[in-house]
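One structure below.
The values are calculated or read from the model by the stated rules, or taken from the named source; none is laboratory data. Since the structure is predicted, the reported quantities are computational estimates derived from the model, not experimental observations. Every residue, glycine as well, gets a Cβ built from its backbone with ideal geometry; the counts of neighbours run over all protein chains shown. Areas reflect the complete protein model, heavy atoms only, side chains present, ligands, DNA and RNA absent. Shrake-Rupley method; radii C 1.70, N 1.55, O 1.52, S 1.80 Å.
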Amino acid sequence: MLSHKNIKNNIASFYLFYFFSSFIFYMPFFAVFFEKTRGLTNNEIVYLFSVFSISMFLFELPTGLIADRFGEKTSLFLGSVLIFLSTLFLTFGSYWYIFFGEVLFAIGRTLHSGANQSLVYNYFEENKQAIQNKFQYKKVLSNCMTLVWSSIASASLLSYYLNTVNHFFPFYATIASTLVLTFITAFLPTVNIKRQGSLFVITKKSFIEIFSNRTLKIWCFIYVILNSFVIVGYQILQPYLNEINLASSKNGLIYFFITIFGILSSKTTPQVKKILKNSYVFVAVLSLLFGLAFINLALSIETLFYIIAVMCLYRFLWGYLTPTLVEAINTSFKENSIRSSVFSVCSLFANFFSFSLLFLFAKLSPSIAVNYFILAIFSIILGLVIGIASLGKKLTITKRETT
């Protein structure tokens with residue numbers, strides 16, 4: 001049986017991994033950097049984001065299978081190595097190498113996606129007797145999400161100062177942080193759950209579980225659609241700042257301030273969910289509020305303070321959304337041997353939908369403000385559908401979801 005000290009060390013390794021997996025300094029200056037140093041246009045930057053999304057779609061399921069077949073820790077280590085290599089290509093590469101760097105970054109993310117959440121959940125399931133009431137899964141998951149937002153905020157603030165010295169410095173710092181991430185992964189605990197012997201069997205069982213389990217199917221659908229809207233809305237923010245002439249070296253400060261609100265909401269998720277026990281209604285409200293944020297962005301009010309205020313709301317809502325959806329999916333089924341693959345299937349469809357939206361926006365939309373208006377309409381419709389269905393008791397709530 002694990003000692004209390006071992007359990008504390010293992011949970012500390014989870015916290016370090018979650019923090020450094022998002023400790024990426026160049027994000028606030030991604031669009032500005034490639035526009036100024038590589039001459040990419042706004043549409044080319046949106047295409048770059050779409051390459052990321054389609055790569056996530058293509059590799060999401062295969063990489064999820066790696067986690068369920070060979071172990072979550074193996075998947076997380078490989079993902080960390082690829083993210084480190086992708087940063088090298090983005091920093092030093094020319095035009096086509098930049099796109100290749102985005103592909104590597106996407107594969108690295110897919111190797112992390114699902115595996116990180118599954119490892120935490122499976123660790124708690126495997127060590128129930130040793131952990132008992134010393135640590136709570138919901139609390140640890142909430143802390144992990146809080147650390148993700150804290151990491152993004154810290155990196156954004158530091159990147160502001162780095163960028164004032166040299167446009168390349170945020171990228172150099174990311175090379176160092178992703179190298180540290182690779183070493184941290186080696187200290188993560190392993191879980192000894194029974195694993196399937198065939199990738200085909202894992203794939204088959206994952207799809208059967210999703211389509212035969214009504215509760216899981218509903219949550220996966222919500223995860224795919226709402227996550228896509230939120231991710232696309234965030235990805236087009238930098239081109240939007242370029243479009244309304246608000247992009248500058250202060251991007252790092254903007255991202256720092258808005259991310260603070262993600263920290264606040266993810267930290268208080270367990271308390272808020274105790275008040276709003278119906279997870280469906282909670283997500284419906286979040287979807288409607290995202291729609292409100294999109295509408296405000298679509299208004300194209302070219303005031304930096306106004307944009308920051310709207311994005312603070314955006315990040316605040318996102319901080320509630322992620323742990324709520326992860327917990328809902330995790331508690332909707334019990335088969336641990338396919339947990340990473342189920343998350344990968346959800347992410348696969350979410351990334352395909354994100355890619356489709358980004359591609360259509362880059363190809364057909366006259367402006368990014370119009371893109372936000374389209375996202376607003378669909379987010380509000382989704383929120384109304386979930387809310388009405390839930391209040392009409394068409395979406396049943398299992399005991400596991402409310403505990």
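Can you tell me how the stretch 75-160 classifies by the Cα gyration tensor, rounded, prolate or oblate, using a/c under 1.5 as the rounded cut? Kindly include the intermediate steps, with their values, before the conclusion.
Working: a/c = 4.33, a/b = 1.94, b/c = 2.24.
Oblate, because a/c is 1.5 or more while a/b does not exceed b/c.
Over the chain, calculate the relative contact order: mean separation of alpha carbon pairs under 8 Å at least 6 apart, over the residue count, as a percent.
28 percent.
Just to check I understand the Karplus step: with θ = phi - 60° and J = 6.51 cos²θ - 1.76 cosθ + 1.60, what whole-Hz values come out for the stretch 333-347, glycine and proline as x?
Those phi angles translate into 8, 10, 7, 5, 6, 10, 4, 5, 5, 4, 4, 5, 5, 4, 5 Hz.
For a quick protection proxy, order the peptides 80-90, 342-352 by their average other-Cβ count within 10 Å, most packed first.
Put in order of decreasing packing, that is 342-352, 80-90.
Kirkwood Rh over alpha-carbon pairs of the stretch 98-145, then Stokes-Einstein at 37 °C and 0.692 mPa s: what D in µm² s⁻¹, rounded to an integer?
262 µm²/s
From the list (1) 36; (2) 25; (3) 49, can you say which value of percent of Cα pairs over 34 Å apart was derived from the structure given?
The value computed from this structure is option (2).
Taking H as built 1.01 Å from N, whose amide H comes closer than 5 Å to the amide H of Phe333, not counting residues under 5 places away?
Under 5 Å from the amide H of Phe333: no residue qualifies.
What residue among Tyr123, Cys346, Ser50 has its Cα farthest toward the positive end of the dipole of the chain, where the charges are +1 on Lys, Arg and -1 on Asp, Glu, each on the Cβ?
Tyr123
Calculate what fraction, in whole %, of the accessible area of the chain sits on carbon and sulfur atoms when a 1.4 Å probe is rolled over the protein chains.
69 percent
Can you list the residues of the stretch 352-381 with backbone N under 13 Å from a point 7 Å past the Cα of Leu292, pointing along Cα to Cβ?
Only 380 pass the distance filter.
Can you give the accessible area per residue of the stretch 4-98, in Å², using a 1.4 Å probe?
Normalised by residue count, the accessible surface of the stretch 4-98 is 39 Å².
Label-point separation (nm) for Val370 and Lys5, each offset 7 Å from Cα along Cα-to-Cβ?
In this crude spin-label approximation the distance works out to 6.5 nm.
Which entries of Lys73/Lys139; Lys36/Lys139; Lys8/Lys334; Lys5/Lys205 have Cα-Cα distances beyond 31 Å here?
Going by Cα-Cα distance, Lys36/Lys139; Lys5/Lys205 fall outside the 31 Å limit.
Using 0.36 nm per residue of separation minus the Cα-Cα distance, give me the extension gain between Leu199 and Tyr161 in nm, one decimal.
Length difference between fully extended and current span is 9.0 nm.
Please compute the contact order of the stretch 40-199 in relative form: average sequence separation of alpha-carbon pairs under 8 Å and at least six residues apart, divided by the residue count, as a percent.
33 percent
In whole percent, what relative contact order does the stretch 1-133 give with Cα contacts below 8 Å and a gap of six or more residues?
Details: 109 pairs, mean separation 39.3, N = 133.
Worked out over the stretch 1-133, it gives 30 percent.
Could you calculate the FRET efficiency of Gln129 with Ser212 from 1/(1 + (r/R0)^6), where r is the beta carbon distance between them and R0 is 25 Å, rounded to 0.05?
After rounding, the FRET efficiency stands at 0.20.
Quick one: divide the alpha-carbon radius of gyration of the stretch 1-111 by 2.2 N^0.38 Å and tell me what you get.
Ratio of Cα Rg to 2.2 N^0.38 Å: 1.27.
For the stretch 154-206, place one equal point scatterer on every Cα, skip the solvent, and apply the Debye formula. What is log10 of I(q)/I(0) at q = 0.17, 0.18, 0.21, 0.29 Å⁻¹?
The computed values of log10 I(q)/I(0) come out as -0.68, -0.71, -0.80, -1.03.
Roughly how big is the chain's charge dipole about its Cα centre, with Cβ charges of +1 (Lys, Arg) and -1 (Asp, Glu), in debye to the nearest 20?
Approximately 1420 debye in magnitude.
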